[in-house]
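Colleague: Sharing a structure, written as structure tokens. Questions coming.
The values are calculated or read from the model by the stated rules, or taken from the named source; none is laboratory data. For clarity, every value in this text was computed on a predicted model and none was experimentally measured. Here Cβ is always computed from backbone atoms with ideal geometry, including for glycine, and neighbour counts include all displayed protein chains. Remember, those area values only see protein heavy atoms, side chains included, never the ligands or the DNA or RNA. Shrake-Rupley method; radii C 1.70, N 1.55, O 1.52, S 1.80 Å.
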Amino acid sequence: MTKKCLIYIVEDEKDLGTLICNTLNQFYFDTKYFGNGLEAEQNIEAKQPDICIIDLTLPDMDGIDLIRRLQHKNIGIIIVSGRDALTDRVLGLELGADDYITKPFEPRELVARVQSLQRRMQLHEEKPVNKTQYARFSGLTYHPGSLTLNTDTPRQETLSRAEADMLMALLKHPYQILSRDQLLGENTVPYDRSIDVRVSRLRKKIQPENDKNALIKTVYGAGYMLVTEVEWG
């Protein structure tokens with residue numbers, strides 16, 4: 001029997017949280033509702049869900065703080081919030097959130113976003129990476145098995161799942177233009193600028209210090225391209 005996807009809903013409005021749970025249950029997801037961040041965090045430590053749907057305005061903490069604590073766990077994160085400021089969207093995506101939905105929204109739209117994220121996560125799991133494989137490029141070494149990026153100096157970066165997926169796509173196709181759809185897959189949303197945020201974040205992690213030549217170039221109207229040789233070992 002296929003294991004159901006477990007989703008935690010962290011939402012201060014109980015009626016909305018219940019509505020989200022009931023809607024997702026109709027599509028055969030397992031759900032659990034939490035009205036505050038601390039309760040959710042304690043339950044995540046006890047039993048890790050597949051996906052968390054998190055409101056930014058919680059009674060005991062800012063949802064951004066909860067997302068920050070979860071960023072290195074293998075959990076899909078969808079932000080649902082009445083805060084539509086660009087700074088909130090950018091910060092949430094920078095911390096590794098996979099999607100951002102602004103209230104009010106149609107419950108069926110949320111289901112579609114959850115299903116899209118679930119398919120992307122399953123695709124990642126179905127294509128396991130050789131744990132001993134690594135890629136060297138521009139003085140950096142990337143280990144896909146641990147999602148870690150090492151430099152020739154004693155510095156190490158740990159990538160989020162979204163960053164890792166994007167970097168792998170670029171490393172597999174150096175000197176080739178990859179479209180936004182190729183980098184984000186079916187998670188792309190019309191007019192969604194999350195790709196730009198994630199590319200900017202990835203650039204900061206892979207760009208050697210004092211090197212002004214961007215490793216990831218923007219090809220306006222077409223997409224992005226990794227401009228360096230890649231050696232796999």
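Every residue, every condition in (1) among the polar types (S, T, N, Q); (2) out of contact with any Gly (no Cβ under 8 Å at 6 or more places or on another chain); (3) under 30 Å from residue 233 (Cα atoms); (4) open to solvent by 40 Å² or more (accessible area, probe 1.4 Å), yes or no:
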residue: 38; (1), (2), (3), (4): no, yes, no, yes
residue: 47; (1), (2), (3), (4): no, yes, no, yes
residue: 58; (1), (2), (3), (4): no, no, no, no
residue: 88; (1), (2), (3), (4): no, yes, no, no
residue: 95; (1), (2), (3), (4): no, yes, yes, no
residue: 99; (1), (2), (3), (4): no, yes, no, no
residue: 109; (1), (2), (3), (4): no, yes, no, yes
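Colleague: Next up: Please specify each residue of the range 194-227 satisfying the condition of being at pLDDT below 85, of a type in the set (Gly, Ala, Ser) and more than 20 Å from residue 150 (Cα to Cα).
Modeller: Correct list: 194, 221.
Colleague: Another one. What are the pairs, 6+ residues apart or on separate chains, where a residue within the range 56-77 that is without any contact (Cβ under 8 Å) to a residue 60 or more places away in the chain and closer than 15 Å to residue 9 by Cα has its Cβ under 7 Å from a residue that is assigned to a loop (DSSP other than H, G, I, E, B) and open to solvent by 60 Å² or more (accessible area, probe 1.4 Å)?
Modeller: That search, which allows pairs on different chains as well, returns 56/83; 57/12; 57/83; 58/12; 59/12; 75/48.
Colleague: Here's another thing I want to ask about it. Restricting to the range 1-18, name every residue that is within 14 Å of residue 114 (Cβ to Cβ) and surrounded by fewer than 19 Cβ atoms within 10 Å (Cβ to Cβ).
Modeller: Correct list: 4, 6.
Colleague: Now a separate question. Select from the range 167-193 the residues that are at pLDDT 85 or above and of a type in the set (A, V, I, L, M, F, W, C) and list them in ascending order.
Modeller: Across the range 167-193, the qualifying residues are 167, 168, 169, 170, 171, 177, 178.
Colleague: Right, here's the next one. Anything in the range 104-121 that is at pLDDT 90 or above and in a helix (DSSP H, G or I)? List them, or say none. Steps first, please.
Modeller: Filtering the range 104-121 down to residues at pLDDT 90 or above leaves 104-115.
Passing the criteria: 107, 108, 109, 110, 111, 112, 113, 114, 115.
Colleague: Would you confirm whether or not the range 22-30 contains a residue that is within 30 Å of residue 203 (Cβ to Cβ) and open to solvent by less than 10 Å² (accessible area, probe 1.4 Å)?
Modeller: Residues of the range 22-30 that are within 30 Å of residue 203 (Cβ to Cβ), as a first pass: none.
No, because not a single residue in the range 22-30 is within 30 Å of residue 203 (Cβ to Cβ) and open to solvent by less than 10 Å² (accessible area, probe 1.4 Å).
Colleague: Also: Among 101, 79, 67, 9, which is within 18 Å of residue 161 (Cβ to Cβ), in contact with a Lys or Arg (Cβ under 9 Å, 6 or more places away or on another chain) and either β-branched (Val, Ile, Thr) or part of a helix (DSSP H, G or I) (or both)? Steps first, answer last, please.
Modeller: Values: 101 fails: within 18 Å of residue 161 (Cβ to Cβ); 67 fails: in contact with a Lys or Arg (Cβ under 9 Å, 6 or more places away or on another chain); 9 fails: within 18 Å of residue 161 (Cβ to Cβ).
It is 79.
Colleague: Exactly one condition in (1) among the hydroxyl-bearing types (Ser, Thr, Tyr); (2) loosely packed, with under 13 Cβ neighbours inside 10 Å; (3) modelled with pLDDT of 95 or more is not met by residue 33; state its number.
Modeller: (2)
Colleague: Right, another one. Between residues in the range 29-46 that are part of a helix (DSSP H, G or I) and residues that are of a type in the set (Asp, Glu) and at pLDDT below 95, which pairs lie under 8 Å by C-beta distance while being six or more apart or on different chains?
Modeller: That search, which allows pairs on different chains as well, returns 37/65.
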